[in-house]
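One structure is given below, encoded as structure tokens.
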Amino acid sequence: MKTCRICAYRADLPEIIAREVLLGTQEEFSYFECLRCGTVQICRIPEDLSRYYPPQYYSLAPPRELLERYARPSPVKSWLASLVLHKSFPAKSLLFRGRLFPQFLREVSKLGLRQDSAILDVGCGEGLLLRRMYSWGFSRLTGTDPFLATPVQLPGLTLKKGTLEELQGSFDLVTLHHVIEHVGDPRKLLGTARKLLHESSWLLITTPLADSYGWRKYRANWLGLDPPRHLHVFTVRSITALAQEAGYRLVEVVYDPGELLWEASFRISLGERPFGPSQSSWARQRAWKRWGQKLALLGDADVATLYFRLKAKE
């Protein structure tokens, strides 16, 4: 018998055996899929997860040249960011459609935030996203990660080695970018994050989804499973229910086409390492891209960002 750690459903469920491929250890891990909420979860959480996050793990080892590129605010980028975030003009929406501005700037503008908004990135790795924001003039940035190698303290940018429970203060935006699936107790994580928010704050959760085309097609070979680091792979319904239980309300779900996951999953199904020079034809890549865009419109894509705010006080 297995008990779902998310909805407490209990049943005799079959196990799904998946291998660790990102580091190439080929260790086997057992997962099961809850028949009630759909969450796919590891049967037994490893006692020592730290060994699966070595220094060369991708989020902990971004290219050094990128870290140096974003080491300080750029006057030009800062001015451009202040222009689009603080001013209103007819062509503003057209500017965001091009490639002049990064995705996070469009996101911040959409949420009504500014360069001096307090932003927290949980599970920040070496802080590549926050460092990019820093180079665009954002001045109240905080990141935390238990596996961070080198803490950073700059005017406007703080990267801390540690957990969310160790933080204090209030933030306008808290992001869990591919984090919640790594957490042994996601219910506790959401409750802790709630204490750092005020009534007009945003919580953004980006995560792979078990109610997706990629999971149905590739199953144990799906990169979104990423054993054993992904402990819980949610459905939109299960993560929304968990967030509502913690005091949040869902505002919007934005799906991200999953063709990049499909390429890696296809390689895993062939017994190969997930990343490397593409072996798919140009036609296949184009077909995957079009199919991914359609699935995103249908709400069946492999990854989504969920936008939450706090529930109104009764």
**Complete:** Reported set for segment 18-43 where residues are free of Cβ contacts under 8 Å to residues at least 60 places away in the same chain, small (Gly, Ala, Ser) and exposed (fewer than 11 other Cβ atoms within 10 Å of the Cβ) is none
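Of the residues Leu148, Leu225, which single one is at pLDDT 95 or above, aliphatic (A, V, I, L, M), part of a loop (DSSP other than H, G, I, E, B) and under 23 Å from Tyr57 (Cβ atoms)?
None of the others qualify; the one that does is Leu225.
Within segment 24-40, take every residue that is in a loop (DSSP other than H, G, I, E, B) and under 15 Å from Pro227 (Cα atoms) and give me the one that is nearest to the chain's Cα centre (by Cα). First the steps, then the outcome.
Going residue by residue through segment 24-40, those that are in a loop (DSSP other than H, G, I, E, B) are 24-27, 34-39.
Next, from what is left, pick out any that are under 15 Å from Pro227 (Cα atoms): 24-27, 39.
Details: Gly24: 22, Thr25: 24, Gln26: 24, Glu27: 24, Thr39: 17 Å.
Once the filter is applied, the top-ranked residue is Thr39.
Results for (1) closer than 15 Å to Leu22 by Cβ; (2) touching a residue at least 12 places away in the same chain (Cβ under 8 Å), shown as yes or no for each residue.
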position	(1), (2)
Trp222	yes, yes
Arg229	yes, yes
Ile239	no, yes
Ala246	no, yes
Gly271	yes, no
Phe275	yes, no
**Request:** Return the pairs, sorted by first residue and then second, in which the second residue is of a type in the set (Lys, Arg), the first residue lies in segment 44-68 and is touching a residue at least 24 places away in the same chain (Cβ under 8 Å), the beta carbons are less than 7 Å apart, and the residues are 6+ apart or on different chains.
**Result:** Tyr52/Arg229; Leu67/Arg131
**Prompt:** Is it true that some residue in segment 183-192 is touching a strand residue (DSSP E or B) at 6+ places or on another chain (Cβ under 6 Å) and hydroxyl-bearing (Ser, Thr, Tyr)?
**Reply:** no
**Prompt:** Can we say Ile239 is part of a helix (DSSP H, G or I), in contact with a Leu (Cβ under 7 Å, 6 or more places away or on another chain) and not aromatic (Phe, Trp, Tyr)?
**Reply:** yes
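State all residues of segment 241-267 that are among the hydroxyl-bearing types (Ser, Thr, Tyr) and under 15 Å from the mean Cα position of the chain (by Cα); if no residue qualifies, say none. Outline the logic, then answer.
Of segment 241-267, the ones among the hydroxyl-bearing types (Ser, Thr, Tyr) are 248, 255, 265.
Listed by number, the list holds a single entry, Tyr255.
For segment 1-21, what are the residues that are in a loop (DSSP other than H, G, I, E, B) and touching a Phe, Trp or Tyr at 6+ places or on another chain (Cβ under 8 Å)? Outline the logic, then answer.
Narrowing segment 1-21 to residues in a loop (DSSP other than H, G, I, E, B): 1, 4-9, 12-15, 20-21.
Across segment 1-21, the qualifying residues are Ile6, Leu13, Pro14, Glu15, Glu20.
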**Fill in**
Restricting attention to segment 44-67, the residues that are out of contact with any helix residue (DSSP H, G or I) (no Cβ under 9 Å at 6 or more places or on another chain), more than 18 Å from Pro227 (Cβ to Cβ) and surrounded by 14 or more Cβ atoms within 10 Å (Cβ to Cβ) number exactly 1
**Request:** Please tell me if Thr175 is part of a strand (DSSP E or B), of a type outside the set (A, V, I, L, M) and modelled with pLDDT of 95 or more.
**Result:** yes
**Request:** Restricting attention to segment 138-154, report how many residues are surrounded by fewer than 22 Cβ atoms within 10 Å (Cβ to Cβ) and of a type outside the set (Ser, Thr, Tyr).
**Result:** 9
**Request:** Return the only residue of Ala287, Ala296 being of a type in the set (A, V, I, L, M, F, W, C), within 19 Å of the chain's Cα centre (by Cα) and at pLDDT 80 or above.
**Result:** Ala296
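The values are calculated or read from the model by the stated rules, or taken from the named source; none is laboratory data. What you are looking at is a predicted structure, and each value in this text was computed from that prediction instead of being measured. Neighbour counts run over all protein chains shown; Cβ positions are idealised from the backbone, glycine included.
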